Amino acid sequence: MKAFMSGRRVTSSGLALLLYVVMCTQGWAHGVGESDAAFIAQGAGARVGPFLYLGAKHMVTGYDHLLFLFGVIFFLYRFREVALYVTLFAVGHSVTLLTGVLNEWQFNPWLIDAIIGLSVVYKAFDNMGGFQSVFGVQPDTRAAVLLFGLAHGFGLATKLHELELSAKGLVPNILAFNVGVELGQIVALSLILVVMTWWRAKAAFARQAFAANVLLMAAGFVLMEYQLAGYFLPGGA
């Protein structure tokens, strides 16, 4: 790992490009689009198919989820390991999404999304061997993925609270939404794994891996700073 960390530098152009992309995306990492919000607010009763679609769409377009999962599987080569960590994240995400909506738990959306940005920072720092090099310890990665999965689920539950969800058909609709999230996760991860498999086969991967995680950490910090600014600045909280 020390050899991996030595001599890896990030080009300023690559960092600038990543920061530009993140800043140009929606600051509300778990935000629901206006058209989708209007759809959710319409009517009542069980609408399993549409909510299944909305859940999958949320995951596939949820860049905060994708950045974190990209970091989680970055150095996982065995299918068993990938399945384990993705399952832990899915369990955490599902528990807080379902219980948060059904029990009407309220949390500040800015702070929840700041924690989600922190999850991206954490995983990038972990991938760079930062905990061992700086602190001389290695946190339990499985526990961390589960805990951050809980935070990601709270993030979406908090946003859904802002919508007018009908009590009629709420349980099947939320269950369908959660299943859609997991299906979207499978699709997104499949694409990421295809790219990662191709990239890992290249000789350049070893020297580019550190730079990629520095960029990943930078994206996490941008997400955190945006959300904390929204919380502390007037009108944000």
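A compact table of results
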item	result
Residues K168 and F131, FRET efficiency given R0 of 35 Å [Cβ-Cβ distance, rounded to 0.05]	0.15
Full-extension gain in nm, F75 to E182, via 0.36 nm per residue minus C-alpha separation	36.3 nm
Charge dipole (debye, nearest 20) of segment 131-211; +1 at Cβ of Lys and Arg, -1 at Cβ of Asp and Glu	360 debye
Whether segment 66-129 is rounded, prolate or oblate, judged on the alpha carbon gyration tensor where a/c under 1.5 counts as rounded	oblate
For segment 159-232 versus segment 60-83, the gap between their alpha-carbon centres in whole angstrom	8 Å
Global geometry of segment 130-213, whether rounded, prolate or oblate, following the gyration tensor of its Cα atoms and the 1.5 cut on a/c	oblate
Sorted by Cβ density within 10 Å, fewest first, the residues H93, H58	H58, H93
Projected label distance in nm at L233 and A201, using a 7 Å step from Cα toward the beta-carbon	4.6 nm
Rounded, prolate or oblate (a/c below 1.5 giving rounded, otherwise prolate when a/b exceeds b/c) for segment 173-237 by Cα gyration tensor	oblate
Label-to-label distance, nm, for residues given as A83 and S190 (7 Å Cα→Cβ offset)	1.6 nm
Sites L102 and T61 - FRET efficiency at Förster radius 25 Å, r taken between beta-carbons, to 0.05	0.55
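Bear in mind these aren't lab numbers, they're just calculated from the coordinates by the rules spelled out. The structure presented is a predicted model; accordingly, all values stated were derived computationally and were not measured. Cβ sites come from the backbone with ideal geometry, for glycine too, and all protein chains shown count toward neighbours.
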